[in-house]
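Colleague: Sending over a structure as structure tokens; questions will come in a sec.
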Amino acid sequence: MTINGFSKLSKQQKIKWLAENFSSDPAAMEQVFSEWQHPDPAAQKIIDGFTENAVANYVLPYSIAPNFLINGKTYAVPMVIEESSVVAAASSAAKFWLDRGGFHAEVVGTVKLGQVHFRWGGQAEKLKSLFPELRTWLLSACGDLTANMRQRGGGIRDIELIDFTAIEPFYFQLRASFETCDSMGANFINSVLERFADALENFFTEYPNLPDAERDAEVVMAILSNFTPECLVRAWVETPISSFEELAHSQGMDAAQLADRFALAVRIAEIDPYRATTHNKGIFNGIDAVVLATGNDFRAIEACGHTYASRDGQYRSLSRCTVANGIFRFELEVPLAVGTVGGLTALHPLAKHSLEILGKPSASELMCIIAAVGLAQNFAAVRSLITTGIQQGHMKMHLTNILNHLGASAEEAAAAQHFFQHQTVSFSAVRTFLEGQKKTMALL
């Protein structure tokens with residue numbers, strides 16, 4: 001079913017068109033989409049402005065993981081995610097490390113990158129000889145765009161000329177590095193790059209004594225890169241192996257065995273891409289939830305993180321673990337290009353409150369917080385895998401969703417929560433329990 005002018009319809013007209021053309025029960029669909037709106041029209045107008053062709057709000061839970069001790073400061077961390085076990089695991093890990101020195105984190109770098117891709121008909125060596133002049137020309141051309149950022153301590157850090165002609169004839173690249181302070185900086189970077197593109201073409205048009213074949217520089221595209229390997233943060237935890245005694249004994253191991261098994265599990269994720277994919281997904285369970293809560297771009301951060309995990313040619317774990325001289329150390333290194341000003345951080349009311357809850361951090365401090373949560377999530381997942389197994393805790397947290405799906409009453413849900421405290425949770429087991437409850441009630 002196609003339509004012209006969909007974007008010009010009112011929201012109610014869009015909903016009606018969807019219901020009439022794509023639902024077996026149009027009235028039910030129309031009701032659901034009409035109900036999932038913010039009760040405050042002014043707030044809904046803000047939400048609708050985030051995107052195009054909005055017809056409803058798709059709501060995710062906004063949760064808090066307390067007791068995160070990071071660099072000596074305690075945080076209650078907002079997390080937006082639909083999987084309850086993620087928040088529970090992060091909270092559990094935060095509490096575990098609270099009495100063991102907490103999480104430590106440091107920003108390694110905050111450089112972001114952008115590119116101008118172009119073709120030029122001259123020889124590479126000649127372009128390289130012209131590049132110092134071209135670089136000055138480019139910087140001069142965008143002085144007005146960078147003035148405010150330079151006053152804040154940011155701006156253009158460098159411009160490189162990259163020669164790809166051995167792979168693709170006549171193809172070159174300008175790779176620019178930027179410091180954007182507390183903003184994510186996407187609009188700033190892209191504006192500068194587009195100015196670079198115009199200035200690049202003008203440079204060759206106006207440069208004296210060039211042959212005609214060298215006056216035409218064809219800009220293919222100018223765009224930031226979401227791969228930011230120099231916008232990097234490192235987080236770690238460290239403790240004597242002996243501090244694992246209680247946990248280890250509950251699993252029939254000693255502390256050294258548990259620490260060794262943990263380190264091996266992380267090493268497996270470094271060796272095997274199949275395991276590394278799931279391992280890193282667990283890290284991003286934590287990272288994405290905080291990124292969403294603070295109004296940042298989780299898609300860009302995911303793409304960058306996975307590229308970084310493949311930087312040596314094989315996809316590997318983003319975290320590492322060492323056990324040496326009686327000390328357990330678990331660390332994570334991940335690129336995180338985030339902002340605390342501009343974009344959704346300024347527009348979305350919950351994003352603003354998230355930053356307030358976190359103490360109005362700088363972008364660098366937010367990088368540390370996010371990395372620590374990713375490490376906590378990874379610690380909790382690996383700890384479960386090498387002890388009780390992942391399903392026990394996951395399915396117990398998932399029990400409420402199963403009960404809602406099966407339409408359990410409040411009394412049935414309470415009985416199920418009690419029964420499954422010491423039983424394995426599965427969809428079929430919960431359904432069987434509820435069927436038994438209904439039969440019992442029918443006999444009363």
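Quick note: the coordinates plus some simple rules give every number you see, no bench work behind them. What you see is a predicted model; the values in this text were computed from it and never measured. Here the Cβ positions follow ideal geometry from the backbone for every residue, glycine too, while neighbour counts run over all protein chains shown.
Colleague: What number comes out for the charge environment of residue 361, summing +1 per Lys or Arg and -1 per Asp or Glu over other residues with Cβ under 11 Å away?
Modeller: On the way: positive: 73, 360; negative: 182, 356, 365.
Residues near residue 361 contribute -1 overall.
Colleague: Take residue 151 and residue 35, extend 7 Å from each Cα along the Cα→Cβ direction, and tell me the distance between the two endpoints in nm.
Modeller: If labels sit at residue 151 and residue 35, their model points lie 5.1 nm apart.
Colleague: Using volume of the Cα convex hull per residue in Å³ as the read-out, say which of (1) 216; (2) 182; (3) 205 was calculated from these coordinates.
Modeller: So the calculated entry is the one marked (1).
Colleague: Test of the criteria: in the range 129-218, which chymotrypsin sites (Phe, Trp or Tyr not before Pro) are in a DSSP loop and have at most 14 other Cβ atoms within 10 angstrom of their Cβ? Walk me through the numbers on the way to the answer.
Modeller: Numbers: sites: 137, 164, 170, 171, 172, 178, 188, 196, 203, 204; in loops: 164, 170.
Filter output for the range 129-218: 164, 170.
Colleague: Quick one: 3J(HN,Hα) in Hz for the range 165-175, Karplus 6.51/-1.76/1.60 with θ = phi - 60°, rounded, Gly and Pro as x.
Modeller: Karplus-based 3J(HN,Hα) across the range 165-175 equals 5, 5, 9, 9, x, 6, 9, 10, 9, 9, 10 Hz.
Colleague: Related question: Please list the non-local residues whose amide H lies under 5 Å from the amide H of residue 225, H modeled 1.01 Å from N, same-chain partners needing a gap of 5 or more.
Modeller: 113, 114, 115
Colleague: Of the candidates 269, 166, 76, which one comes out as most mobile in a Gaussian network treatment of the chain with C-alpha springs shorter than 10 Å?
Modeller: 166
Colleague: Given R₀ = 25 Å, FRET efficiency for residue 310-residue 140 by Cβ-Cβ distance, to 0.05? Write down the numbers at each step before the final one.
Modeller: On the way: r = 38 Å, r/R0 = 1.51.
Once rounded, the FRET efficiency stands at 0.10.
Colleague: Build a GNM of the chain with springs between Cα atoms under 10 Å: which of 25, 158, 272 gets the top mean-square fluctuation?
Modeller: Greatest mean-square fluctuation among the candidates belongs to 25.
Colleague: If r is the Cβ-Cβ distance from residue 133 to residue 187 and R0 is 22 Å, what FRET efficiency results, to the nearest 0.05? Don't skip to the answer; put the middle values down first.
Modeller: Working: r = 29 Å, r/R0 = 1.30.
Efficiency computed from Cβ-Cβ geometry: 0.15.
Colleague: Moving on. Have a look at 136, 165, 51 and tell me which one the Gaussian network model of the chain (Cα, springs below 10 Å) gives the largest fluctuation.
Modeller: 51
Colleague: Please list 3J(HN,Hα) in residue order for the range 359-374, calculated via the Karplus relation 6.51 cos²θ - 1.76 cosθ + 1.60 where θ = phi - 60°; whole Hz, with x for glycine and proline.
Modeller: So the J values, rounded to whole Hz, are x, 6, x, 6, 4, 5, 5, 5, 4, 5, 4, 4, 5, 5, 5, x.
Colleague: To the nearest 10 degrees, how steep is helix 84-98 against the longest Cα principal axis of the chain, on a 0 to 90 scale?
Modeller: In the chain, helix 84-98 runs at an angle near 90 degrees to the longest axis.
Colleague: Using 0.36 nm times the number of residues separating residue 303 and residue 160, minus their current alpha carbon distance, what extension gain do you get? Walk me through the numbers on the way to the answer.
Modeller: Numbers: separation 143, 0.36 × 143 = 51.48 nm, distance 2.33 nm.
Full extension of this stretch gives 49.1 nm more.
Colleague: Per residue of the range 105-113, in order, report the coupling 6.51 cos²θ - 1.76 cosθ + 1.60 (Karplus, θ = phi - 60°) as ³J(HN,Hα) in whole Hz, putting x for Gly and Pro.
Modeller: Along the range 105-113, the couplings run 8, 9, 7, 7, x, 10, 7, 10, 10 Hz.
Colleague: Tell me which aspartates and glutamates have Cα within less than 17 Å of residue 73's Cα, excluding those fewer than 8 residues away on the same chain?
Modeller: Excluding near neighbours in sequence, the set is 99, 106, 238, 356, 365.
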